[in-house]
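Chemist: The structure under discussion is supplied below as structure tokens; questions concerning it will follow.
Every read-out reported here was derived from the displayed coordinates using simple, explicitly stated rules and does not represent laboratory data. Here the structure is a predicted model, which means the values were calculated and not measured. With ideal geometry, Cβ positions are generated from the backbone for all residues, glycine too; neighbour counts draw on all protein chains shown.
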Amino acid sequence: MAASSEPILEVSGLVKHYPLTRGVVFRKRIGAVRAVDGVDFTLGRGETLGIVGESGCGKSTVAKLLCNLERPTAGSIRFKGEDITRLSGRALKAVRRNIQMVFQDPYTSLNPRMTVGDIVGEPYEIHPEAAPKGDRRRRVRELLDVVGLDPEYVNRYPHQFSGGQRQRIGIARGLALRPEIIVADEPVSALDVSVQAQVINLLDRLQAEFDLSYVFIAHDLSIVRHISDRIGVMYLGRIVETGREEEIYEHPTHPYTQALLSAVPVPDPEAREHRERILLSGDVPSPTAIPSGCRFRTRCWKARERCAVEVPALAVPAVFRRGPAAHDSACHFAEERRVVPPEGPGAPEATGADGNGPG
Amino acid sequence: MLLDVRDLRVEFRTRDGISRAVNGVSCTVDAGETLAVLGESGSGKSVTAQAVMGILDMPPGRITGGEILFRGRDLLRMKEEERRRLRGAGMAMIFQDALSALNPVLSVGDQLGELFVVHRGMSRKAARAKAVDLMERVRIPGAAQRVRDYPHQFSGGMRQRIMIAMALALEPALVIADEPTTALDVTVQAQVMDLLAELRREYRMGLVLITHDLGVVADVADRIAVMYAGRIVESAPVRDIYKAPAHPYTRGLLDSIPRLDLKGRELYAIKGLPPNLSRIPPGCSFHPRCPMARDVCRTDVPPLYEVSGDRGSACHFWRECLDGGEQ
């Protein structure tokens with residue numbers, strides 16, 4: 001779990017815009033979907049970075065960019081110091097081996113006409129140097145064993161497996177090339193509650209066994225907290241707050257993070273009277289028309305004039321010099337506000353329009 | 001007693017044989033009460049709801065036994081015409097996916113107004129005014145203009161509000177909400193759940209909330225019924241169950257939630273998978289996955305034992321489970 005200081009992945013200024021066009025013969029650009037709009041983060045070796053956010057915040061686009069499934073509009077992704085967004089041909093292929101993806105939906109991410117053995121072994125067809133031909137069958141059986149499936153299942157088809165088992169197959173495929181980084185995009189959200197824990201435990205065990213670094217993308221905040229060392233909260237294409245797991249959950253300073261955390265239903269009926277709920281008004285704006293200045297201002301209860309004109313930088317707010325609140329937060333009026341009740345009844349102050357003071 | 005379901009049984013004919021989706025479910029809902037029905041996919045929670053609403057596809061479905069008493073009258077003995085009049089006015093349902101539950105070629109105003117035209121015999125104009133009224137009640141901004149819009153022009157959260165407005169239009173005594181917020185983002189989910197709870201209090205409706213989310217249950221329910229393989233395995237006031245579950249399945253579900261004090265350690269995971277409903281294990285259907293299973297569990301189906309006045313557990317060893325839960 002513990003992260004070393006040397007980053008394996010450095011992302012800076014990452015941007016992905018999808019053009020919106022009108023007309024067939026004379027295509028005219030009329031705007032852009034700004035799916036990812038300036039994202040920076042680093043990932044340490046053996047570390048898990050959790051990325052949370054609501055649908056449409058750009059977290060899945062980030063995953064695709066990291067795996068080179070999409071080319072960024074701007075920015076760089078450095079893998080061990082080398083910018084992989086500029087690579088092509090053989091060099092790109094070599095890098096791709098090291099960054100593999102696990103997808104959300106185990107029902108559509110496996111080819112129904114291929115056997116499990118062929119699915120898990122397919123990466124070797126593309127990267128034949130990873131395993132000599134005669135050895136592949138054995139490797140596939142080994143991989144199935146590693147993810148907790150019976151190696152005798154190699155000749156079965158995906159429809160013969162449950163959702164949880166299919167996700168294990170997807171994970172085995174992701175591991176086939178012995179990658180150093182795994183990007184998991186909502187790997188458990190399609191699974192039943194009782195099966196989610198099994199898959200999370202598997203991912204945890206594999207990380208220790210193969211010294212993997214994870215980028216774990218999800219919307220379930222309690223699962224992200226369990227598995228992550230550091231967390232980035234995304235809103236409309238940008239990371240608005242990032243820090244170590246306990247900094248984000250216990251000492252959030254960005255109003256969006258606070259609202260997000262307070263909205264999560266807590267499985268404790270005793271807590272329901274003591275909880276402070278920040279209800280945001282309205283929906284997330286469209287990524288084709290991102291508000292000026294701070295992109296959260298249209299739903300923020302603290303928004304003032306400054307927020308409409310000046311984009312807040314993702315940095316440690318000047319008011320926090322040290323302590324757990326001193327982590328990157330893109331808000332002009334950042335203040336600490338504890339929204340997750342510690343243990344049992346008590347603490348959080350119920351405030352209306354103007355939350356203030358550390359809890 | 002608003003709703004009293006007694007020993008309900010539902011089967012489906014499939015290529016795999018007979019799939020027993022609901023195997024003797026009994027539960028009650030009072031006016032003004034919120035009952036949460038918790039279960040994983042295939043536990044029979046949605047089929048139970050559909051049977052109560054009378055919208056089960058038959059065939060392939062078949063109700064093979066039991067009674068569904070609504071205000072003392074058995075729905076299963078009613079004529080279809082009578083049940084149709086009851087739907088909407090007496091009981092209503094909120095579905096998970098508002099986009100596919102709403103008619104895409106009718107404006108939301110027409111769909112909301114239709115209820116008043118059909119059930120209350122109102123004129124189109126009066127019905128339209130009622131529709132605007134309802135949209136304001138569920139806090140859709142600019143209701144008077146948006147009443148002409150079509151479902152696809154609304155966001156997910158707004159569509160779910162329209163579904164709620166439609167369910168509440170005729171002020172039914174009972175509302176069944178089947179995973180009403182599962183498709184929504186957390187911040188929108190909180191808005192919708194709050195609205196639903198507020199309207200429920202205002203109208204004093206009985207609410208049946210079908211969900212798989214233990215967090216949502218803890219937030220809004222008064223009582224909870226946990227379903228597994230077509231049966232209610234535990235039923236209790238919500239506080240009791242979270243404090244000390246009396247069934248190992250409930251306990252497993254609660255234990256598998258990531259908790260702060262257990263970070264960095266392995267999560268508790270219920271082993272195995274939920275059973276195939278055409279091959280439900282003999283005895284207690286949970287025994288192949290249960291850490292407490294003994295010989296008797298493999299042969300004898302546990303009845304719903306009375307744990308206390310308002311609690312029941314379908315586990316032969318509920319006492320042991322209850323003790324273990326208090327550690």
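Chemist: Could you compute the FRET efficiency for A:His127 and A:Asp211, with r as their C-beta to C-beta distance and R0 at 22 Å, rounded to 0.05? Working shown, then result.
Modeler: On the way: r = 20 Å, r/R0 = 0.89.
The computed FRET efficiency comes out at 0.65.
Chemist: Relative contact order (percent) for chain A, with alpha-carbon contacts under 8 angstrom and 6 or more residues of separation?
Modeler: 18
Chemist: Output the pairs from A:Lys93/A:Lys133; A:Lys16/A:Lys64; A:Lys16/A:Lys302 with a Cα-Cα distance over 22 Å in this structure; if there are none, say none.
Modeler: Correct reply: A:Lys16/A:Lys302.
Chemist: Please arrange A:Trp301, B:Trp318 by how many other C-beta atoms lie within 10 Å of their C-beta, fewest to most.
Modeler: A:Trp301, B:Trp318
Chemist: In the Gaussian network model of chain A, springs joining C-alpha atoms below 10 Å, which of A:Val24, A:Val266, A:Val154 carries the largest mean-square fluctuation?
Modeler: Taking springs between Cα atoms under 10 Å, the residue moving most is A:Val24.
Chemist: Now for a different question. For the protein assembly as shown, what is the convex hull volume of its Cα atoms per residue in Å³?
Modeler: Output value, Cα hull per residue: 187 Å³.
Chemist: From a point 7 Å beyond the Cα of B:Leu69 in the direction of its Cβ, which residues of the range B:1-20 have a backbone N at a distance under 14 Å?
Modeler: B:1-8
Chemist: Work out the length of the dipole vector of chain A about its Cα centre, built from +1 on the beta-carbon of each Lys and Arg and -1 on the beta-carbon of each Asp and Glu, and round it to the nearest 20 debye.
Modeler: Values: 47 positive and 46 negative charges, 354 e Å.
Approximately 1700 debye in magnitude.
Chemist: Against the empirical 2.2 N^0.38 Å scaling, what ratio does the C-alpha Rg of the range B:66-107 come to?
Modeler: 1.51
Chemist: Quick one: go through the range B:82-122 and flag any residue whose amide nitrogen is under 20 Å from the point 7 Å out along the Cα-to-Cβ line of B:Asp57.
Modeler: Output list for this probe position: B:93-104.
Chemist: Which angle between 0 and 90 degrees, to the nearest 10, do you get for helix A:163-175 versus the longest principal axis of chain A when only C-alpha atoms count?
Modeler: So the inclination is approximately 80 degrees.
Chemist: Could I ask something else about it? Name the residue from B:Gln191, A:Gln104, B:Thr299 whose Cα lies farthest towards the positive end of the charge dipole of the protein assembly as shown, charges +1 on Cβ of Lys and Arg and -1 on Cβ of Asp and Glu.
Modeler: Checked the options; the winner is A:Gln104.
Chemist: Right, here's the next one. Provide Rg over Rh for chain B; use the alpha carbon set for both Rg and the Kirkwood Rh (inverse mean inverse pair distance).
Modeler: Value, to two decimals: 0.99.
Chemist: Please find the FRET efficiency linking B:Ser278 to B:Glu320, where r is the Cβ-Cβ separation and R0 is fixed at 45 Å, and quote it to the nearest 0.05.
Modeler: Rounded to the nearest 0.05, the efficiency is 0.90.
Chemist: To continue, here is another question. About the Cα centre, and with charges only on the beta carbon of Lys, Arg (+1) and Asp, Glu (-1), how big is the dipole of the protein assembly as shown? Nearest 20 debye, please.
Modeler: So the dipole magnitude of the protein assembly as shown works out to roughly 2320 debye.
Chemist: If you don't mind, another one. If you rank A:Glu336, A:Glu245, A:Glu10 by fewest surrounding Cβ atoms within 10 Å, what's the result? Provide the component values of the computation, followed by the final result.
Modeler: Values: A:Glu336 22, A:Glu245 19, A:Glu10 16.
In increasing order of surrounding Cβ atoms, one gets A:Glu10, A:Glu245, A:Glu336.
Chemist: Which value, in nm² and rounded to one decimal, describes the direction-averaged projected area of the C-alpha convex hull of chain A?
Modeler: Result: 20.9 nm².
Chemist: Place +1 on the Cβ of every Lys and Arg and -1 on the Cβ of every Asp and Glu in the protein assembly as shown, take the dipole about the Cα centre, and give the residue among A:Ala326, A:Ile8, B:Ala31 whose Cα lies farthest towards its positive end.
Modeler: Value: A:Ile8.
Chemist: Still on this structure: Based on other C-beta atoms within 10 Å, arrange B:Met163, A:Met234, B:Met53 from fewest to most.
Modeler: Numbers: B:Met163 27, A:Met234 24, B:Met53 19.
Ordered by Cβ neighbours within 10 Å, fewest first: B:Met53, A:Met234, B:Met163.
Chemist: Another question, if that's okay. Please give me the summed charge of the neighbours of A:Val140: other residues whose Cβ is under 14 Å from its Cβ, Lys and Arg +1, Asp and Glu -1.
Modeler: +2
Chemist: I'd like the Kirkwood hydrodynamic radius of the range A:18-132, using the inverse of the mean 1/r over distinct C-alpha pairs, in Å.
Modeler: Mean inverse Cα-Cα distance, inverted, gives 17.2 Å.
Chemist: Once you've got the GNM for chain A with C-alpha springs shorter than 10 Å, pick whichever of A:Thr242, A:Thr42, A:Thr253 has the biggest mean-square fluctuation.
Modeler: Largest GNM mean-square fluctuation: A:Thr42.
Chemist: Identify all lysines with a Cα-Cα distance to B:Lys263 below 27 Å; exclude those on the same chain that are fewer than 8 residues away in sequence.
Modeler: A:Lys59, B:Lys243, B:Lys271
Chemist: Something else: Among the DSSP beta bridges whose two residues both lie in chain A, what percent are antiparallel, rounded to the nearest 5? Don't skip to the answer; put the middle values down first.
Modeler: Working: 28 of 46 bridges.
Once the DSSP bridges in chain A are tallied, antiparallel ones form about 60 percent.
Chemist: Separate question: Positive end of the charge dipole of the protein assembly as shown (Lys, Arg +1 and Asp, Glu -1 on Cβ, about the Cα centre): tell me which of A:Gln207, B:Pro172, A:Gly23 has its Cα farthest that way.
Modeler: Towards the positive end, the residue furthest out is A:Gly23.
Chemist: Here is a further query. Treating only the Cβ of Lys, Arg, Asp and Glu as charged (+1, +1, -1, -1), what charge dipole size does the range B:217-327 show about its Cα centre? Round to the nearest 20 debye.
Modeler: 380
Chemist: Follow-up question, since we're still on this one. Distance in nm between label sites at B:Lys263 and A:Ala74, each 7 Å beyond Cα in the beta-carbon direction?
Modeler: Reported label-point gap for B:Lys263 and A:Ala74 is 3.5 nm.
Chemist: With r defined as the distance between the Cβ atoms of A:Arg277 and B:Asp30 and R0 fixed at 30 Å, what FRET efficiency is calculated, to the nearest 0.05?
Modeler: Efficiency at R0 = 30 Å is approximately 0.65.
Chemist: Pop a pseudo-label 7 angstrom from the Cα along the beta-carbon direction at both A:Tyr18 and B:Tyr305 and give the gap in nm to one decimal.
Modeler: So the label points at A:Tyr18 and B:Tyr305 sit 5.5 nm apart.
Chemist: Label B:Asp133 and A:Ser88 with points 7 Å out from Cα along Cα→Cβ: what is the distance between them in nm?
Modeler: 6.6
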